[in-house]
Amino acid sequence: MTASTTPHGPIYDRVALVGIGLIGSSIARAVRRGRLAKHVACWTRRPETRDTTRKLGIVDSVHDTLAEAVKDADLVMLCAPIGANADIAQAMAAHLKPGATISDVGSVKQAVIRDVGPHVPEGVHFIPGHPVAGTEHSGPESGFAELFERRWCILTPPPGTDQASVDRLTKFWQAMGSKVEIMDAQHHDRVLAITSHLPHLIAYTIVGTVTDLEDHLRREAADAGTMIERAEIVKFSAGGFRDFTRIAASDPIMWRDIFLNNREAVLEMMGRLSEDLAALQRAIRWGEGEKLEAWFRRTREIRRGVLDAGQAGTFAATEPEKK
Ligand code: NAP
């Protein structure tokens with residue numbers, strides 16, 4: 001039994017999950033496993049998802065209204081896509097308990113502070129957070145209690161946030177198995193732009209490019225009176241492409257919101273990537289084998305560093321190799 005699988009005892013009396021997909025349902029399961037709250041309430045937008053959550057039996061109460069779910073909660077955790085936060089924060093503000101903590105799990109932090117911050121009532125503590133853990137799956141069925149084990153959770157409390165509330169939330173994430181880091185929101189967004197957002201963008205690009213290319217080759221072959229087997233991409237996908245298709249299967253709404261809400265940092269990192277791509281293009285064109293080899297040796301070392309840090313078997317978000 002690891003520290004996080006040992007029942008811990010309540011850290012909050014009542015936790016309210018607003019949105020219950022992969023991340024919200026993983027929190028629900030981890031809270032239940034560790035007995036980290038006396039009661040977990042939840043609200044989610046669609047009646048179908050509320051029914052599924054009731055059937056799964058992973059929370060104590062599923063509410064038809066946001067107001068009922070957040071009422072009396074000591075911790076309200078926003079687990080919907082980033083683009084939904086402003087409306088949710090506005091709608092729940094009048095129903096929050098004084099002294100409660102609002103947190104979230106969004107993959108971008110400055111936008112959450114921008115959207116939620118103005119609606120946080122006096123006497124309620126707002127501590128944005130981001131568990132750097134996930135998979136390409138969505139919905140309440142896809143969550144699992146171990147998702148946060150040995151993964152980072154980054155908290156970005158604005159200056160002046162009540163320290164006791166930060167400590168309590170830190171303890172909550174640690175009890176779910178996470179390592180917690182406190183960081184400035186702007187720094188978070190730049191770091192994640194390069195470690196998570198850019199790799200996803202590359203995957204979305206390459207899968208689209210390869211698919212278009214295959215269509216083009218098939219049209220050319222048909223014009224020439226020959227046939228190319230339809231499933232060539234699938235057939236030869238072990239050659240590196242398969243990992244990209246997994247990353248590119250991530251939720252379209254979530255990633256739309258991430259790129260729109262971390263625009264500046266992502267554009268900056270794309271600029272740097274373009275320069276490096278151009279340098280590699282030139283090295284290939286001019287047959288500069290030593291340059292290429294030095295580049296690939298350096299990146300191999302980086303992979304070893306990732307393995308040593310225990311963060312492998314994952315993509316930008318972090319997923320165990322097998323579930
Ligand atoms: P998910 O599985 O797709 O679940 C999303 C939840 O949000 C569902 O309960 C859905 O409700 C609700 N929702 C969707 N659109 C909404 C809207 N417009 N208004 C209100 N509720 C809405 O998503 P997830 O993967 O758990 O991601 C949730 C958050 O976690 C995102 O902010 C994301 O940035 C962050 N995150 C994700 C990962 C990852 O790898 N997936 C990793 C780290 C952080 P209904 O089903 O009822 O519509």
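Values in this text are rule-based calculations from the coordinates and carry no lab data. Everything numeric in this text was worked out from a predicted model, so none of it was measured. We place every Cβ from the backbone using ideal geometry, glycine too, and count neighbours over all the protein chains shown.
Could you tell me which residue out of Pro118, Pro159, Val62 lies farthest along the dipole of the chain toward its positive end? Charges go on the beta carbon: Lys and Arg +1, Asp and Glu -1, centred on the Cα centre. Checking the options against the dipole of the chain, the answer is Val62. Between Phe144 and Phe259, how high is the FRET efficiency from 1/(1 + (r/R0)^6) when r is the Cβ-Cβ distance and R₀ = 30 Å? Nearest 0.05. E between Phe144 and Phe259, to the nearest 0.05, is 0.65. Of the residues Leu280, Thr195, Leu307, the one whose Cα sits farthest towards the positive end of the charge dipole of the stretch 188-308 is Leu307 (charges of +1 on Lys and Arg Cβ, -1 on Asp and Glu Cβ, taken about the Cα centre). Phi-derived couplings, Karplus 6.51 cos²θ - 1.76 cosθ + 1.60 at θ = phi - 60°, listed residue by residue for the stretch 124-135: 10, 9, 10, 10, x, x, 8, x, 8, 7, x, 9 Hz, with x used for Gly and Pro.
How big, in percent, is the set of alpha carbon pairs in the stretch 1-111 lying more than 25 Å apart? More than 25 Å apart: 16 percent of the Cα pairs in the stretch 1-111. Our Cα-only numbers for the stretch 47-150 put the radius of gyration and Dmax at 14.1, 37 Å. Packing-based ranking of 17-28, 69-80, 113-124 yields 17-28, 69-80, 113-124, ordered from highest to lowest mean Cβ neighbour count within 10 Å. Taking other C-beta atoms within 10 angstrom as a stand-in for reagent exposure, Ile82, Ile284, Ile247 fall in the order Ile284, Ile247, Ile82, fewest first. Here the 3J(HN,Hα) profile of the stretch 98-112, calculated from phi with Karplus coefficients 6.51, -1.76 and 1.60 at θ = phi - 60°, is x, x, 5, 10, 9, 9, 8, 10, x, 7, 10, 10, 5, 5, 5 Hz, Gly and Pro shown as x. Checking the Cα-Cα distances for Lys55/Lys109; Lys38/Lys171; Lys109/Lys179; Lys97/Lys171; Lys71/Lys179; Lys55/Lys97 against a 24 Å cut-off, the pairs over it are Lys55/Lys109; Lys71/Lys179; Lys55/Lys97.
Per residue, the convex hull around the alpha carbon atoms of the chain comes to 162 Å³. Considered as an equivalent ellipsoid built on the Cα gyration tensor, the stretch 188-308 has semi-axes of 29, 22, 15 Å, the largest given first.
Just order 86-99, 31-44 by mean Cβ neighbour count inside 10 Å, highest at the front, would you?
31-44, 86-99
When only the Cβ of Lys, Arg, Asp and Glu is charged (+1, +1, -1, -1), the dipole of the stretch 11-183 relative to its Cα centre reaches about 400 debye.
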